[in-house]
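Worksheet: the structure to be examined is printed underneath.
The values are calculated or read from the model by the stated rules, or taken from the named source; none is laboratory data. Just so it is clear, the model here is predicted, and its values are computed rather than measured. Here the Cβ is made from the backbone with ideal geometry for all residues, glycine too, and neighbour counts use every protein chain on show. Calculation scope for accessible area: heavy atoms of the full protein, side chains included, ligands and nucleic acids excluded. Shrake-Rupley method; radii C 1.70, N 1.55, O 1.52, S 1.80 Å.
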Amino acid sequence: MKKLPQDVVIFMLLKLPLKSLLRFKSISKIWYTLILSDTLFKLHLKRTTTKKDEFILFIRTLREDDPYKFTSIASFFSGDDKNNLTTLFPDVDVTHLSSTSCTIFNELIGPCHGLITLTDSDIIIVLNPGTRKYVVIPESPFDCPKGYYRYIEAVAFGFDSIINDYKIIKLSDVYWDRPTDDRGPRGSRVEIYNLSIDSWREHNIEFSSIYFTHCSEIYYKEAVHWFTIQDDLVILCFDISSEIFRTMELPSVCTDLNGPRYGLAVLNDCLVLMSYPDSMCSIDHTENLLSIWMMKEYGESESWIKIRTISPLPIPIESALVIWKDYLLLLQTQTGYLISYNLYSDEVKEYNLNGHHESLRATKYTECLTTIPTLSEHSKQVQQL
C-alpha cells in the first residue's frame, strides 16, 4: 500500500462503509492520520450517496413500571428494498434526557454533516450516529434576573460555514414572575453556543414566540425553521451564520389554527409543508386528509404548490414525522405505533415500534466522518454510546 499514490488510497477509502473506514485507522499511523484528515473529511462529506445510504434514527419515550416515570430510547435502522426496518445497533437508553408525564419534550434536530442534536430543552446532546460518539453540552451560565422566570421555546443546531463551526441556539421567553398564575410581560432571550470553543454567549435579538407542534422544526439551507404566529401562521427562520431571524409565508389556505396541525420536512431537496388533522381538536370540521405542499424556490412564498393529498387517511394519526428516501412518509398513529405511507404505491405498513403518546421523533441521516471536538479534560468529554 505504501507504493500506491495517496489519491488512489483516498479513492479506495471513500468507497468503504464508515464502520470499516474507522476500523482501518488502526492499520498504521499514516492511515490513522489520513482517515482523520480534513482532506478526507471534506471528500467524504461531498461523496456521491444514494437513498440506500440514508439511515433513520428514532427517539421515543416508554413508560416504566412507575406510571410517572418514562425512559427515552434511541433506535437506529436501515431499510431494505421492501421498506422493512433493519436494526443497525441495539437500542440505547438515553439516560441524560429527562422524561416525565408533563415534560415529554424530547426533540431531534439535524442532521448537519452527520451530527444530530437530542434535547429535552434542559439537556442538550450532540451525537454522530455513524461513529456513535456523543457529547453532553454544558448548561448555559446565564440566569434570569430576580423576579423573572423563563420558558424555553426551542433549541436549534446547525453549521456556520463562514467561521467553520457548529452552533447550538436556545430560544427562551422571559416573564415577570407576578404573584398570580398569569404570565407577566414577555421578553425574549437568544443564547448561542459555539462547539469549537465550548462557550455560550447571549445574542441581543428579539423573536416572535414559537408556535410549537410536534416534528415541526427542521434544519435546511443552513437555517433552522419553526412556526410562529404574527398576523397569521408563518415560518420563522434563523440563519446560522448571520444570526438573523426572518419569516416566510405559508400557502394562503394553510393558516387555520383551529383544525389542522402542520409539520415541515424535506422532499427532493425542497422544503415541504404537511397539513394533517389535529387529534386533540374538538372541532368537527377537521378533514380526514393529509396535504403536502412544496416550496419550489426556497424563500419565495409564491412558489408553494400542492403536490399530494392523502384522503382519507388509512389510520388515525398523531403526527407526521419525516419523509424517508423521498417517498416513504413516516407517521405516528394515535395508538403510538410507527407506520409508513408509500407516496408511490399508497401502501401502508405498520412497524413493531411504538412510543408514548406524542413522543415518537425521527430523522434521516447519512453516515459521516465528522468528529466532535474535545477541548480539555476539564471541558466537555466525548463519549461512546
>> At a threshold of 8 angstrom on Cα-Cα distance, excluding pairs fewer than six apart, so keeping six or more, what relative contact order does segment 124-269 reach in percent?
In response: 15 percent
>> Strictly over 21 Å apart at the Cα level, which of Lys167/Lys296; Lys82/Lys349; Lys133/Lys364; Lys133/Lys221; Lys296/Lys349; Lys296/Lys325 would you flag in this model?
In response: Lys167/Lys296; Lys133/Lys221; Lys296/Lys349
> What ranking do 239-250, 123-134, 142-153 get when scored by the average of other Cβ atoms within 10 Å per residue, highest first?
Replying inline: 123-134, 239-250, 142-153
>> Rounded, prolate or oblate for segment 249-319? Axes are the square roots of the Cα gyration tensor eigenvalues, ordered a ≥ b ≥ c, and the cut-off for rounded is a/c under 1.5.
In response: prolate
> Based on the alpha-carbon gyration tensor of segment 108-181 and its eigenvalue square roots a ≥ b ≥ c, which shape applies: rounded if a/c is under 1.5, prolate if not and a/b is larger than b/c, or oblate?
Replying inline: prolate
>> Using alpha carbons only, how many angstrom separate the centre of segment 124-160 from the centre of segment 197-241?
In response: 14 Å
>> Sort 190-199, 211-220 by the packing proxy (mean of other Cβ within 10 Å over each peptide's residues), most packed first.
In response: 211-220, 190-199
>> If I stretch the segment between Glu300 and Asp65 completely, what's the gain in nm (0.36 nm per residue apart, minus their alpha carbon distance), one decimal?
In response: 79.6 nm
> Is segment 225-381 best put as rounded, prolate or oblate by its Cα gyration tensor, with a ≥ b ≥ c the root eigenvalues, rounded for a/c under 1.5, and otherwise prolate when a/b is larger than b/c, oblate when not?
Replying inline: oblate
>> Let me cross-check Thr71: its accessible surface, 1.4 Å probe, with only protein heavy atoms counted, in Å² to the nearest 10?
In response: 30 Å²
